[in-house]
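Shown next, in structure tokens, is the structure this report addresses.
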Amino acid sequence: MRASLLQIAVDEAEPVDVRRQRVASLVRQQTDSDLVILPELWTTGAFAFESFDTGAEPLEGPTYEVMAKAASDAGVWLHAGSIPERVAPDGAADGGAAGGSAGALFNTSLVFSPSGELAASYRKIHRFGFDKGEAVLMGAGSELVTVRLPETTLGLTTCYDLRFPELFRGLVDAGAETLVVCAGWPERRRSHWTLLARARAVEDQSFVLACGTAGTHAGVPQAGHSIVVDPWGEVLAEAGAGEEVLTVEFDPGRVGATREQFPALKDRVLGVGVPGRG
């Protein structure tokens with residue numbers, strides 16, 4: 001299986017519509033890939049909190065339309081990163097309220113099939129910021145989401161989720177074999193990014209495909225260094241700090257082989273699985 005992680009640079013001077021078209025063009029170039037992955041909140045910047053409200057869009061908004069077309073044109077499975085999703089007030093109950101009378105905001109990932117159909121959406125469960133930023137501006141998702149591809153089952157996560165192993169274990173219980181992380185991870189905690197991606201791969205005996213952003217979001221330099229890790233924790237590929245397309249070949253069959261060769265998951269005593277959807 002061939003995957004391409006598009007480590008997009010977010011430049012505040014670049015109009016969002018221009019960035020959408022530029023990213024769509026990059027997606028269309030990945031015709032030799034089976035799966036293409038974009039980072040978190042690449043339309044606004046993950047730390048550009050003041051842009052969440054002004055940059056919010058409905059699920060089937062401009063980014064949805066452009067990315068669905070790009071996936072179809074390239075004939076690839078496309079994890080289109082995440083957008084600040086606005087939900088109308090009458091649909092805001094799921095996951096908490098944010099945004100007041102204008103409706104709730106969520107950090108929502110979109111996955112499209114090679115025909116351009118929406119295969120799944122995932123609202124980020126763990127919001128970053130403690131008592132500010134995303135944590136107070138956006139509602140929290142509540143459902144684990146998996147997506148079945150012909151070669152493997154994806155488990156969807158977003159950025160700060162990476163710090164919470166119980167989420168990843170729940171995705172494995174729901175059948176995930178390849179764990180996808182779209183992120184806007186800051187440079188000052190880049191060592192955590194690499195460490196946690198490898199840890200999630202080892203403890204869940206899964207591939208981890210973690211795609212971050214480049215550039216600077218509201219004055220916060222981004223880590224870049226998108227990474228692909230195999231079920232033994234070995235790094236198969238890693239990007240640098242700038243905008244880059246990271247492409248890697250991997251064998252999804254290694255997940256089953258690893259779990260059979262070293263059946264640690266069978267020795268679990270604590271915790272129960274949480275059903276996913278997808």
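The numbers here are math on the coordinates, done by the rules we state, and not lab data. In this text, all values refer to a predicted model and were calculated from it rather than measured experimentally. In this analysis, Cβ positions are derived from the backbone assuming ideal geometry, glycine residues included, and neighbour counts consider all displayed protein chains.
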With Kirkwood radius over Cα pairs in Å defined as stated, name the option among (i) 18.4; (ii) 22.1; (iii) 19.8 computed from the structure displayed.
-> (i)
Ranking F52, T157, V10 by how far each Cα lies towards the positive end of the charge dipole of the chain (+1 on Lys and Arg Cβ, -1 on Asp and Glu Cβ), the top one is T157
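So if I place +1 on the C-beta of Lys and Arg and -1 on the C-beta of Asp and Glu, and nothing else carries charge, what would the dipole magnitude of segment 2-265 be about its Cα centre? I want it in debye, nearest 20. All intermediate terms of the calculation are to be shown ahead of the outcome.
Values: 21 positive and 36 negative charges, 73 e Å.
Dipole magnitude for segment 2-265 comes out near 360 debye.
Please sort 217-225, 126-134 by packing, taking for each peptide the average over its residues of neighbouring beta carbons within 10 angstrom, highest first.
Working: 217-225: 19.2, 126-134: 16.1.
The most tightly packed comes first, giving 217-225, 126-134.
Which of the peptides 152-165, 174-187 is most tightly packed, and how do the rest follow, going by the mean number of other Cβ atoms within 10 Å of each residue?
Working: 152-165: 23.3, 174-187: 24.9.
Per-residue Cβ counts within 10 Å, averaged per peptide and sorted highest first, yield 174-187, 152-165.
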Around F164: net Lys/Arg minus Asp/Glu count, Cβ-Cβ under 14 Å | +1
Which of T43, V180, G61, positive extreme of dipole for the chain (C-beta unit charges) | V180
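Which peptide among 59-65, 105-111, 9-15, 74-80 comes first, and what is the full order, when sorted by highest mean count of other Cβ atoms within 10 Å? Write down the numbers at each step before the final one.
On the way: 59-65: 16.7, 105-111: 26.3, 9-15: 14.0, 74-80: 24.3.
Going by the mean number of other Cβ atoms within 10 Å, highest first, we get 105-111, 74-80, 59-65, 9-15.
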Nearest 5 is fine: what % of DSSP beta bridges in segment 2-265 come out antiparallel, could you say?
-> 60 percent
Structure-based [θ]222 nm, the chain - -39500 (n - 2.57) summed over DSSP H runs of at least 4, per residue, nearest 500 = -7000 deg cm²/dmol
